[in-house]
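Participant: One structure, as structure tokens, below. Some questions next.
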Amino acid sequence: MRISTKGRYSLEALLYMALLPTGEYTSTRVIAENTGISEGYLEQLFIPLRKAGIVQGFRGPQGGYVPGRDPDKITAGDILRAVEGSLEPVECISVNACPLRDTCGSRQTWVELYDEISACVDSLTLQDLVRAYQTMDQVEYTI
């Protein structure tokens with residue numbers, strides 16, 4: 001399974017927002033300038049993130065975006081599913097998606113893989129990402 005740029009960039013944008021002071025709004029332009037992600041791409045990513053309640057947007061001169069919930073209530077799984085869709089590694093896991101589901105020798109492997117992926121991304125919150133970022137070694141390199 002591969003997470004696309006939609007998933008990676010959504011996590012990066014939400015992490016940027018979560019690192020701001022609580023309640024501080026930011027624009028896609030500012031996020032783009034600070035993360036290197038295209039502003040147009042961010043605007044497209046924020047559509048499903050808004051629908052899922054992961055980000056909130058406000059119009060006006062003081063408007064912008066904020067996380068839709070506390071960072072400890074948003075999981076990586078929430079973010080990834082909002083922009084990527086299902087995290088199932090193969091389609092046959094879906095209910096009634098495969099006519100061979102009852103006799104397939106490898107289906108259980110895919111179910112177990114999906115369960116592990118889900119458990120991992122659902123246990124990791126945006127606040128966990130903030131903590132990990134804040135503890136990174138912030139060494140400056142000068143040439």
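Just so it is clear, none of the values below were taken in a lab; they were calculated from the coordinates. In this text, all values refer to a predicted model and were calculated from it rather than measured experimentally. Reconstructed Cβ throughout: ideal geometry from the backbone, glycine too, with neighbour counts over all protein chains shown.
Participant: Residue pairs, Cβ under 8 Å, 6 or more apart or interchain, first in region 1-30 and under 14 Å from LEU45 (Cβ atoms) and touching a residue at least 40 places away in the same chain (Cβ under 8 Å), second assigned to a loop (DSSP other than H, G, I, E, B) and of a type in the set (Lys, Arg). List them.
Facilitator: No pair meets every condition.
Participant: Another one. Within region 32-60, which residues are exposed (fewer than 13 other Cβ atoms within 10 Å of the Cβ) and basic (Lys, Arg)?
Facilitator: LYS51, ARG59, listed by residue number.
Participant: For residues that are among the small types (Gly, Ala, Ser), in contact with a strand residue (DSSP E or B) (Cβ under 7 Å, 6 or more places away or on another chain) and assigned to a helix (DSSP H, G or I), tally how many sit in region 4-55.
Facilitator: The qualifying residues number 1.
Participant: Hey, another quick one. Residue by residue through region 114-126, note down the ones that are free of Cβ contacts under 8 Å to residues at least 60 places away in the same chain and surrounded by 14 or more Cβ atoms within 10 Å (Cβ to Cβ).
Facilitator: Across region 114-126, the qualifying residues are TYR114, SER118, VAL121, ASP122, LEU124, THR125.
Participant: Here's something else I'd like to know. Does LEU100 meet the test of being of a type outside the set (Phe, Trp, Tyr) and either more than 15 Å from SER10 (Cα to Cα) or not in a helix (DSSP H, G or I) (or both)?
Facilitator: Taking the combined requirement at face value, the residue satisfies it.
Participant: Report yes if some residue within region 109-124 is part of a helix (DSSP H, G or I), of a type in the set (A, V, I, L, M) and farther than 26 Å from PHE46 by Cα; otherwise report no.
Facilitator: yes
Participant: Under 7 Å between Cβ atoms, which residue pairs at least 6 apart in sequence (or on different chains) link something in region 59-84 that is free of Cβ contacts under 8 Å to residues at least 60 places away in the same chain and over 19 Å from GLN127 (Cα atoms) with a partner that is part of a loop (DSSP other than H, G, I, E, B) and not aliphatic (A, V, I, L, M)?
Facilitator: As it stands, the answer is GLN62/TYR25; GLY63/TYR25; GLY64/TYR25; GLY64/SER27, since those pairs meet every condition given.
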